[in-house]
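The values are calculated or read from the model by the stated rules, or taken from the named source; none is laboratory data. None of these values were measured; they are calculated from a predicted model. Positions of Cβ are generated from backbone atoms using ideal geometry, with glycine treated the same way; all protein chains shown enter the neighbour counts.
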Amino acid sequence: NAGVTQTPKFQVLKTGQSMTLQCAQDMNHEYMSWYRQDPGMGLRLIHYSVGAGITDQGEVPNGYNVSRSTTEDFPLRLLSAAPSQTSVYFCASSITTWWTNNSPLHFGNGTRLTVT
Amino acid sequence: AQSVTQLGSHVSVSEGALVLLRCNYSSSVPPYLFWYVQYPNQGLQLLLKYTTGATLVKGINGFEAEFKKSETSFHLTKPSAHMSDAAEYFCAVSDPAYNFGNEKLTFGTGTRLTIIP
């Protein structure tokens, strides 16, 4: 199984540019999420989705947009990149049912984004 | 609101020595607690978790953690460190009643473990 696949691995953007970080999972997980990881700050939740067609904001959603048209894919869009968005971005998924909440998260290997 | 504090952003131990990584949490309800590990250039993976029942939880790679409600702690230990244990470790807490997926999972800031040969 591929698990959670993120592309690209590295990206450099100029301020004001837009781009989409791709995330796909082949485990039929309903729950998918995006985190950013910054030194000394741990992981912070950007957006999440509990199923196709359903998304919601996490702790730090400003400047990011998401959609969930299929169970497998959960892309993250940067609308107008800013230097403050320089970070490592992780996509994660998990099983979600009312009787299996808090299931372990499965992470991709991350996208390292630099905004100049 | 819940929170997690990991004491020590960097910990170094000699190969073969005891590993102790500290985690304290704040939660208004009995929490679920997790330890995740991140190896260089990879995503996080679950080491172990506490939900209910036995307070001493065993995980992968010889790690274990003990839930101590009176001390609001969930410290991670391993009796004998290996070079392959070098990684960053994250403690996380969730409110089981309001965490349908993992949207209420709060991570600590991480502890980087270095193993000295």
Hey, could you check the range A:8-51 for residues that are outside any strand (DSSP E or B), of a type in the set (D, E, K, R) and within 23 Å of A:Ile95 (Cβ to Cβ) and say which is farthest from the other protein chains (Cβ to nearest Cβ)?
-> A:Asp26
If a residue has to be surrounded by 13 or more Cβ atoms within 10 Å (Cβ to Cβ) and either closer than 18 Å to B:Val4 by Cα or within 14 Å of chain A (Cβ to nearest Cβ) (or both) to count, how many in the range B:77-99 make the cut?
-> 12
Members of the range A:1-13 found to be touching a Leu at 6+ places or on another chain (Cβ under 9 Å), farther than 12 Å from A:Phe74 by Cα and of a type in the set (S, T, N, Q), listed by number | A:Gln11
Listed residues B:Leu46, B:Leu18; which is of a type outside the set (Ser, Thr, Tyr) and either modelled with pLDDT of 95 or more or more than 30 Å from A:Cys23 (Cα to Cα) (or both)?
-> B:Leu18
Evaluation of A:Ser80 against (1) under 30 Å from B:Thr51 (Cβ atoms); (2) at pLDDT 95 or above (one fails), failing number | (1)
Out of curiosity, is B:Ala54 touching a residue at least 12 places away in the same chain (Cβ under 8 Å), part of a loop (DSSP other than H, G, I, E, B) and either under 19 Å from B:Lys78 (Cβ atoms) or among the aromatic types (Phe, Trp, Tyr) (or both)?
-> no
Is it the case that A:Thr5 is within 14 Å of chain B (Cβ to nearest Cβ) and modelled with pLDDT under 95?
-> no
Mind checking whether some residue in the range A:47-65 is of a type in the set (A, V, I, L, M, F, W, C), modelled with pLDDT under 95, closer than 18 Å to A:Tyr31 by Cβ and within 14 Å of the chain's Cα centre (by Cα)?
-> yes
May I ask you to verify whether A:Thr20 is β-branched (Val, Ile, Thr), in contact (Cβ under 8 Å) with a residue 24 or more places away in the chain and in contact with a helix residue (DSSP H, G or I) (Cβ under 9 Å, 6 or more places away or on another chain)?
-> no
Quick check: anything in the range B:61-71 touching a Lys or Arg at 6+ places or on another chain (Cβ under 6 Å) and surrounded by 18 or more Cβ atoms within 10 Å (Cβ to Cβ)?
-> yes
Kindly check whether there is at least one residue in the range B:68-76 that is more than 16 Å from B:Gln2 (Cα to Cα) and at pLDDT 95 or above.
-> yes
If we ask which residues in the range A:14-32 are closer than 18 Å to A:Leu78 by Cα, buried (at least 19 other Cβ atoms within 10 Å of the Cβ) and at pLDDT 95 or above, their number turns out to be 3
Which condition number does A:Pro104 fail, the rest of (1) part of a strand (DSSP E or B); (2) modelled with pLDDT under 90 being met?
-> (1)
Qualifying positions in the range B:16-57 - closer than 25 Å to A:Cys91 by Cβ and surrounded by fewer than 19 Cβ atoms within 10 Å (Cβ to Cβ) | B:Tyr39, B:Pro40, B:Asn41, B:Gln42, B:Gln45, B:Leu46, B:Thr51
